[in-house]
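Let me give you the structure first, and then I'll get to my questions.
The values are calculated or read from the model by the stated rules, or taken from the named source; none is laboratory data. This one's a predicted model, so the numbers in the text were calculated from it and none came from an experiment. Using ideal geometry, Cβ is built from the backbone for each residue, glycine included, and neighbour counts are taken over all protein chains shown.
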Amino acid sequence: MAEKKIGLHTIKLKNPPSILSTATIVGPKEGEGPLKDYFDIVLEDDLFGEKSWEKAESKMLREAVRLAMNKINLSPDQVDYFFAGDLLNQIISSSFAARELGIPFFGLYGACSTLTEAMSLAAMMVDGGFADITIAATSSHFSSAERQFRFPLEHGNQRPPTSQWTVTGAGAVVLGSKGGGPYITYITTGRVVDFGIKDANNMGAAMAPAAADTILRHLKDTGFTAADYDLIMTGDLAKIGREIAADIIKQNGYDITTKFTDAGIEIFDLTTQDVHAGGSGCGCSASVFGGYLYKQLINGNLNRIMIVSTGALLSPTSTQQGESIPGIAHAITIERSLMP
Amino acid sequence: MEKRKENEIKNIYQQLVQKKVPQSSLIKDAIFAFVVGGLICDVGQFFMNLFLSFGISKDDVGYYVATVMVFLGAFLTGLGVYDNIGKYAGAGSIVPITGFANSIVSPAMEYKREGYIFGVGSKMFVIAGPILVYGISSSIIVGIIYYLVKMLAR
């Protein structure tokens, strides 16, 4: 009997793990955005002293993990498990970072939903008594994603207004069985949802039904409404996807519009930073959560939030073969303090 | 029955998305493309006149101009300028021969890190390859038609 499961697909953690520390590293463009003061490190050079974008991305992930550990004087030997994933083929940013870190490693691929996928599993590991300290981390890099999914950087093509800008950023979150919060209290795992969108330049619309599906199931399973949350933030639906997701949720009887934002909208200034619909990538929700929201929880400006990282599960091959884009979204609830 | 209902929902959703999606401004894009494309042609014309004034024959001058324009396209790509032009000009800077140079030089630069054989060598034509294949193929077909028509007309 799954005693921690409530409703259809939600888990209520009985021993909620505490977030002990977070660390974020972002690129220069993100460092010019509205959240610039909340990141730990803003790179001046998005190659990070490396010879390739891929090496730079892996280093960002690795250094974010090290920084998160250093903040609480943790050594790698004290960490039981490391959950990470990224967008590159065979998740090399994560596994190459794990090579240096020497912590037992679970490699994940959930496209841009990886932050909450990793945090879900890392939290369950602690809650279940399998670990005392776990780390969840993820990264994305504009330049490494462009060359894998789209065109060479110097190619003079035009981006449509629906396109999104991959965030150069990495975030790491350390979870522990002991600690004073904020705590991860609920987990709603995503289903793969596909409404037949084929335009790889409109990923927000491809992922919006998955985000709406997960948020609706979470609200039904827990009995919460928008009033129970200070903020509900999706990962990278950006401007168009957020609107569509809010509409679908409203049609199903929940109005979350006033509490509902998206990391892809928060991280950039959409009018001046030439990012079209907004940011995207694993690093998008990772840097906005690890940088901005975590500090808001610590300061007490936020008490209970839901993070719903969203992923578009396409590959360049599937797009070329005419497949539609499946979406996924994983939700986790984070609370500043535990209800008595 | 299940499948039909699923397709119906997908159709409704795609129509909803179509309504939400902001369209590119066709007029603005067309004006940018026209102006930038026109300016590139002006530069070409300038070199053509220059070479003609040097006494190069009308039959040969095209080769000289093409060489200079390809160089300029490649040079601006190398400086990291051409992609910024392309952002505004769209087809205006893709269609001229400078855009062709950009489509070969940009992957050559991008994939240098994978080495000169499997990087530069094999990825160089990743964008221009289809243009070459179908450009050459269609010119062969047109050539055959031209030959047949000419033979029949005799």
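Would you point out which residue out of B:Pro130, B:Pro107 is crowded, with 16+ Cβ neighbours inside 10 Å and without any contact (Cβ under 8 Å) to a residue 24 or more places away in the chain?
B:Pro107
Just one of the numbered conditions (1) on the phi < 0 side of the Ramachandran plot; (2) at pLDDT below 95 is not true of B:Thr77; which one?
(2)
Next question. From the list A:Leu47, A:Leu13, A:Leu35, which residue is surrounded by fewer than 22 Cβ atoms within 10 Å (Cβ to Cβ), modelled with pLDDT of 95 or more, closer than 15 Å to A:Phe268 by Cβ and aliphatic (A, V, I, L, M)?
Going through A:Leu47, A:Leu13, A:Leu35 in turn, just one is surrounded by fewer than 22 Cβ atoms within 10 Å (Cβ to Cβ), modelled with pLDDT of 95 or more, closer than 15 Å to A:Phe268 by Cβ and aliphatic (A, V, I, L, M): A:Leu35.
Within region B:1-32, which residues are part of a helix (DSSP H, G or I), free of Cβ contacts under 8 Å to residues at least 60 places away in the same chain and either of a type in the set (A, V, I, L, M, F, W, C) or in contact with an Asp or Glu (Cβ under 9 Å, 6 or more places away or on another chain) (or both)?
Residues of region B:1-32 that are part of a helix (DSSP H, G or I), as a first pass: B:2-20, B:26-32.
Among the residues that remain, those that are also free of Cβ contacts under 8 Å to residues at least 60 places away in the same chain are: B:2-20, B:26-28, B:30-31.
If the condition is that a residue be part of a helix (DSSP H, G or I), free of Cβ contacts under 8 Å to residues at least 60 places away in the same chain and either of a type in the set (A, V, I, L, M, F, W, C) or in contact with an Asp or Glu (Cβ under 9 Å, 6 or more places away or on another chain) (or both), then B:Ile9, B:Lys10, B:Ile12, B:Leu16, B:Val17, B:Lys20, B:Leu26, B:Ile27, B:Ala30, B:Ile31 are the ones that fit.
Give the residue that is surrounded by the fewest Cβ atoms within 10 Å (Cβ to Cβ), with candidates limited to residues of region A:223-247 that are within 14 Å of chain B (Cβ to nearest Cβ) and not hydrophobic (A, V, I, L, M, F, W, C). Lay out the reasoning, then the answer.
Of all residues in region A:223-247, those within 14 Å of chain B (Cβ to nearest Cβ) come to A:237-247.
Subset that is not hydrophobic (A, V, I, L, M, F, W, C): A:239, A:241-243, A:247.
Numbers: A:Lys239: 21, A:Gly241: 36, A:Arg242: 25, A:Glu243: 18, A:Asp247: 15.
Restricting to residues being within 14 Å of chain B (Cβ to nearest Cβ) and not hydrophobic (A, V, I, L, M, F, W, C), the top hit is A:Asp247.
Shifting gears a bit: So B:Val95 fits all but one of (1) within 12 Å of chain A (Cβ to nearest Cβ); (2) farther than 30 Å from A:Ala205 by Cα; (3) without any contact (Cβ under 8 Å) to a residue 24 or more places away in the chain; what number is the exception?
(3)
Can B:Val70 be described as more than 14 Å from chain A (Cβ to nearest Cβ), in contact (Cβ under 8 Å) with a residue 24 or more places away in the chain and either at negative phi or loosely packed, with under 13 Cβ neighbours inside 10 Å (or both)?
yes
Enumerate the pairs (first residue in region A:172-192 and buried (at least 22 other Cβ atoms within 10 Å of the Cβ) and in a loop (DSSP other than H, G, I, E, B); second residue anywhere and modelled with pLDDT of 95 or more and of a type in the set (Asp, Glu)) with beta-carbon separation below 7 Å, excluding pairs fewer than 6 apart on the same chain, so at least 6 apart or on different chains.
Listed pairs, sorted by first residue: A:Pro182/A:Glu335.
Counting only residues that are among the hydrophobic types (A, V, I, L, M, F, W, C) and either over 11 Å from A:Thr22 (Cβ atoms) or surrounded by fewer than 23 Cβ atoms within 10 Å (Cβ to Cβ) (or both), how many does region A:54-68 have?
Residues meeting the conditions: 4.
Is it the case, given these coordinates, that B:Val21 is within 9 Å of chain A (Cβ to nearest Cβ), at pLDDT below 95, surrounded by 13 or more Cβ atoms within 10 Å (Cβ to Cβ) and in contact with a Ser or Thr (Cβ under 7 Å, 6 or more places away or on another chain)?
yes
Continuing with the same structure: Give the residue, chosen from A:Val26, A:Val42, that is without any contact (Cβ under 8 Å) to a residue 60 or more places away in the chain and in contact with a Gly (Cβ under 8 Å, 6 or more places away or on another chain).
Values: A:Val26 fails: without any contact (Cβ under 8 Å) to a residue 60 or more places away in the chain.
When all the criteria are applied, what remains is A:Val42.
Any residue in region A:248-263 that is within 19 Å of the chain's Cα centre (by Cα), outside any loop (DSSP other than H, G, I, E, B), within 26 Å of A:Glu30 (Cβ to Cβ) and of a type in the set (Gly, Ala, Ser)? Working first, answer last.
Step one: of region A:248-263, the residues within 19 Å of the chain's Cα centre (by Cα) are A:259-263.
Of the ones still in play, those that are also outside any loop (DSSP other than H, G, I, E, B) are A:259-263.
From the residues that got through so far, the ones that are within 26 Å of A:Glu30 (Cβ to Cβ) too are A:259-263.
Within this subset, residues satisfying the condition of being of a type in the set (Gly, Ala, Ser) are A:263.
So far as region A:248-263 goes, yes, one or more of its residues are within 19 Å of the chain's Cα centre (by Cα), outside any loop (DSSP other than H, G, I, E, B), within 26 Å of A:Glu30 (Cβ to Cβ) and of a type in the set (Gly, Ala, Ser).
I need the helices (runs of 4 or more DSSP H) fully contained in region B:33-119, keeping only those with at least 3 residues that are among the aromatic types (Phe, Trp, Tyr) and more than 30 Å from A:Pro161 (Cβ to Cβ). Give the steps one after another, and end with the answer.
Values: elements: B:61-78, B:82-89, B:91-94, B:97-110.
Ranges flagged: B:61-78.
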